[in-house]
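First up is the structure itself, then whatever we jot down about it.
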Amino acid sequence: MEGLNFMTSMPTALLSLESLALEFFRQSAGEWKSQRRYYTLKQDIEPEEVVSMIGIRFLPQGSDELTDLAQAHQLESATALLGGTEVIWESNYIGKSRQPSTGKTVFGILGNILYRDRGFATDKPVTAIFNFTNPQTMCLKTEYGGSVFMEELKLIGQQYRTRQTIISRAQEEIMIGQYLEKRI
């Protein structure tokens, strides 16, 4: 095996984790309709319902979006991120007087870290630790601003995804978001 240095090669488990993430992103690419509810815990508030149209595009290593993301996170190499996604959304709040919201988020992976150009509640770059309970279920843990976001994304066949986010502050769960997404 000429040219292979075992001392500097990536551990097999890490390569498998990265491969799982890249395949998960490829399978998630496309157009989705997302219906979700946000439950505020420990307060008597009606759940907030939101319907979103989501576009997900797979990003290969070296794409402009990933090189910009690598630079935002001050990674050593602009092409360090192995792949990722760009997610564009338009959300409408049901029964609320809120204006529709639109936005875009870029995700990239390296090792067991998911790099994002923004967080749920911040426009600053953030990172999440990720793992898989099986090839169709990605779990994320993101922390910033005193909050912890635990998220599970699950592919169900080719047409559906579910997501659940639990938001905690001061080690107390304050909100749960549940999502059903259907490919359109």
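What follows is calculated from the coordinates using simple rules that are stated; it is not laboratory data. This one's a predicted model, so the numbers in the text were calculated from it and none came from an experiment. Methodologically, a virtual Cβ is constructed for each residue, glycine included, from the backbone with ideal geometry; neighbour enumeration extends over all protein chains shown.
The table below lists the values:
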item	result
Magnitude of the charge dipole, segment 69-184, Cβ model with Lys/Arg +1 and Asp/Glu -1, debye to 20	340 debye
Residues D123 and M53, FRET efficiency given R0 of 30 Å [Cβ-Cβ distance, rounded to 0.05]	0.90
Stretchable slack from A29 to A78, in nm (0.36 nm times residue separation minus alpha-carbon distance)	15.3 nm
Relative contact order for segment 12-183, counting Cα pairs under 8 Å that sit 6 or more residues apart, in percent	20 percent
Area projected by the alpha carbon convex hull of segment 91-184, averaged over all directions, nm²	7.5 nm²
For A80, net neighbour charge (Lys/Arg +1, Asp/Glu -1) across residues whose Cβ lies under 13 Å away	-3
Helix 12-28 vs. the chain, principal-axis angle (Cα, 0 to 90°, nearest 10)	50 degrees
Residue-span extension gain [T133 to D44] - 0.36 nm each, minus C-alpha spacing	28.7 nm
Cβ-based exposure ranking for T137, T122, in which fewest neighbours within 10 Å come first	T122, T137
Radius ratio Rg over Rh of segment 15-112, counting only Cα atoms, Kirkwood formula for Rh	1.09
Over segment 12-183, volume per residue of the alpha carbon convex hull, in Å³	120 Å³
